[in-house]
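Quick notes on the structure that follows.
Laboratory data are not the source of any read-out in this text; all were calculated from the coordinates shown. Keep in mind the model is a prediction, meaning the values are calculated, not measured. Cβ atoms come from the backbone with ideal geometry, glycine included; neighbour counts cover every protein chain shown.
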Amino acid sequence: MNENSGTSTAKGVEYRLGRRFSRAGWLGFLLQIGLGAVPVVLGSWFYFVSPNATTASGGVTLVSLLAMAVLVILLITTILFFYYIRVGKRLATGASKWKRPGLRRLVGFGLLLGGLSVFASSVVMIAEVASMLFTFLEFPQGGVPVIQTTTADATWISALDVLSLLALSLSITAEIIVIGLGFWLLSGLTKLQASPASAATAQPAMDDGMVAAPAG
């Protein structure tokens, strides 16, 4: 009877953990898809409305590489959270072969990616805002959509720059949510260790030890 009780309790814990992974997976996946689609839609609309619009560019820089890295990390974390959905379904049905250390490493990998994305997005945003600030300081009256500060060495601020900042802001928002969901999953894994399943599983062994002990 104790063995059946311990098994059912363990299955209940696995089911709750699976539900947590499924909820976190769906929430993170849908939010990242939604937040990532906004700058793509706006950028496509802006391209078709103003196909000749360009921004000043001096080639591939560190800032542009970081911006591309942010997009790649956002894509990876979106795929990762979709995988969380599958892991959650397998945990809930008892068909998962994942062990606790493996799940912690998987969630930790997502947290690492989220932290790197937030750091890279912050650096890019600081660089973009600083560039816009210096441009406006050179021409403080330039409250128009497109500004050319000089004739010899033109510096432009266009709607694409604002769109870039919007994309970075949405990316940071998505990755902060990813980090929060990751810590929520880690808390579930931690509670699983201290759950009644461990005590229920260990109870039959304690009973056997008491029976085997000498009476006096």
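Ranked by the mean number of other Cβ atoms within 10 Å per residue, highest first, peptides 94-100, 126-132, 66-72 order as 66-72, 126-132, 94-100. Taking a Cβ cut-off of under 9 Å around GLY18, the surrounding Lys, Arg, Asp and Glu residues balance to a net charge of +4, with basic ones at +1 and acidic ones at -1. Each residue of the stretch 104-116 is assigned a 3J(HN,Hα), and the resulting list reads 5, 5, 5, 5, x, 5, x, 5, 5, 4, x, x, 5 Hz, derived from the Karplus form 6.51 cos²θ - 1.76 cosθ + 1.60 (θ = phi - 60°), x at Gly and Pro.
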